[in-house]
Amino acid sequence: MNYILFFSAFLGIFILLNMYISKRLIKKLDISDKAKYYFRIFLFANLIGIACYMLARYYVNIPNWLYFLFSIPIGILFLLFCTAVIYDISRVLLSFAPVMESRRKFFKKSLDISSLAVASILTVRSLYEARFINVESIYIKIKNLKEPYNIVQISDLHIGGLIDASFIKDIVQKVNALNPDIVVITGDLIDVDVLNAKDVLDELTNISSKFGTYYIVGNHEYFHGIEKIISAVKDLGIKVLENENIYIGEDGRGFNLAGVYDLFGYRTKTHMPDLPKALLGKKESPTVLLAHQPKFIKEVTSGVDLMLSGHTHGGQLYPFKLLVGLQQPYINGLHRHNENLQIYINKGTGFWGPPMRLGASSEITQIFLSGV
């Protein structure tokens, strides 16, 4: 991947967001010119922080406390942008409202104050919400399963930066407390060069389950040397499902667990998903498929009873959920895709970018799988 192009495009988007906030929010606020000046200085400093975040993410090693400070501006700018859009629409509607001019000015002043207050409250709330990882317990029934199974799913850890060894150690402890039969990791495990993640990855060797831990790659693995990442995960004793399946449980009483490469492989022309190959040789038992992106479900026509995915982060910051919904058929939770196929989407156990979540808490999923 061309990182310079990615960096430029990423920064360019945030420059445009900055310009919109400046012209459509700050310029219209009923505050002094001096206050507007300092507000724009804040926006510029925020933009510098985003550039530093990208450099720290992929090029420069820095202390975690500094990485934390550099990551926050992404969330702040996004929430300010959403506030600016709502403010802009509200201001236009107010201009057409049939009210006296004195009352219109009062409403305008109230709109200014409430907009800034809401943006501040949501920023603090999203930082607070990201501190907690919830265990989501879900009961799923599939046809012809002879015995119940306890599956624990984690996804989108995005190891690197703030997702360090202590973070993963805490995840492992929570997973082990659920006494799983198997643990599945549905992609986007690593988001840095694998050489910089060895100590963090090693914590995953402490996962304990009856039938082992299974992993599929997500789209972010393609950015950092997918072959090296797969090799490193295998060295941990974790089974990587590469367009293949494995049988879980006693013969005739268990289920097939299949896994495919991510859809991003179609763009890179390497490690491309191949569902027919992944299902080849599976036994006459129910089948659970691991596929990172929910939209892979469009390629599933038969032979699969349940698909487990991640990728969406549940939107991570609530307004972003609306954009995710334009690209993915499902965003989070359990859905029945058709008569024979269900899908569950984990909201992400880690996070990408700022340590901020709003309306989409971090998640470890405990799936109680049973027969109909």
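Data table
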item: Evaluation of LYS141 against (1) in a helix (DSSP H, G or I); (2) among the basic types (Lys, Arg); (3) not assigned by TED's automatic domain parsing to the domain that holds LYS27 (one fails), failing number; result: (1)
item: Number of the exception - ASN64 against (1) under 30 Å from VAL200 (Cβ atoms); (2) surrounded by fewer than 17 Cβ atoms within 10 Å (Cβ to Cβ); (3) of a type in the set (S, T, N, Q); (4) at pLDDT 85 or above; result: (4)
item: Lone unmet requirement of (1) under 17 Å from HIS220 (Cα atoms); (2) modelled with pLDDT under 95 for GLU242; result: (2)
item: Residue among TYR38, TYR53 that alone is in a helix (DSSP H, G or I), surrounded by fewer than 16 Cβ atoms within 10 Å (Cβ to Cβ), of a type in the set (Phe, Trp, Tyr) and not assigned by TED's automatic domain parsing to the domain that holds ALA165; result: TYR38
item: Conditions (1) surrounded by 11 or more Cβ atoms within 10 Å (Cβ to Cβ); (2) within 16 Å of GLY353 (Cα to Cα); (3) free of Cβ contacts under 8 Å to residues at least 60 places away in the same chain; number of the one not met by LYS27; result: (2)
item: Enumerated strands (runs of 3 or more DSSP E) restricted to the range 231-348, each holding at least 1 residues that are touching a residue at least 60 places away in the same chain (Cβ under 8 Å) and surrounded by 23 or more Cβ atoms within 10 Å (Cβ to Cβ); result: 255-259, 287-290, 306-309, 342-345
item: Some residue of the range 157-164 being surrounded by fewer than 21 Cβ atoms within 10 Å (Cβ to Cβ) and over 16 Å from LYS347 (Cα atoms); result: yes
item: Selection count where residues are buried (at least 24 other Cβ atoms within 10 Å of the Cβ), touching a residue at least 40 places away in the same chain (Cβ under 8 Å) and in a helix (DSSP H, G or I), scope the range 204-228; result: 2
item: Test: residue in the range 158-165 that is outside any strand (DSSP E or B), aliphatic (A, V, I, L, M) and either in contact with a Ser or Thr (Cβ under 7 Å, 6 or more places away or on another chain) or modelled with pLDDT of 95 or more (or both); result: yes
item: Output for the range 191-203, where each listed residue is in contact (Cβ under 8 Å) with a residue 40 or more places away in the chain and surrounded by 15 or more Cβ atoms within 10 Å (Cβ to Cβ); result: ASP191, VAL192, VAL200, LEU201
item: Residue list for the range 103-136, filter: within 21 Å of LYS28 (Cα to Cα) and of a type in the set (Asp, Glu); result: ASP112
item: Number of positions in the range 108-127 that are exposed (fewer than 15 other Cβ atoms within 10 Å of the Cβ) and at pLDDT below 90; result: 1
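The values are calculated or read from the model by the stated rules, or taken from the named source; none is laboratory data. Bear in mind the structure is a predicted one, so any value in this text is a computation, not a measurement. All Cβ positions, glycine included, derive from the backbone under ideal geometry; neighbour counts span all protein chains shown.
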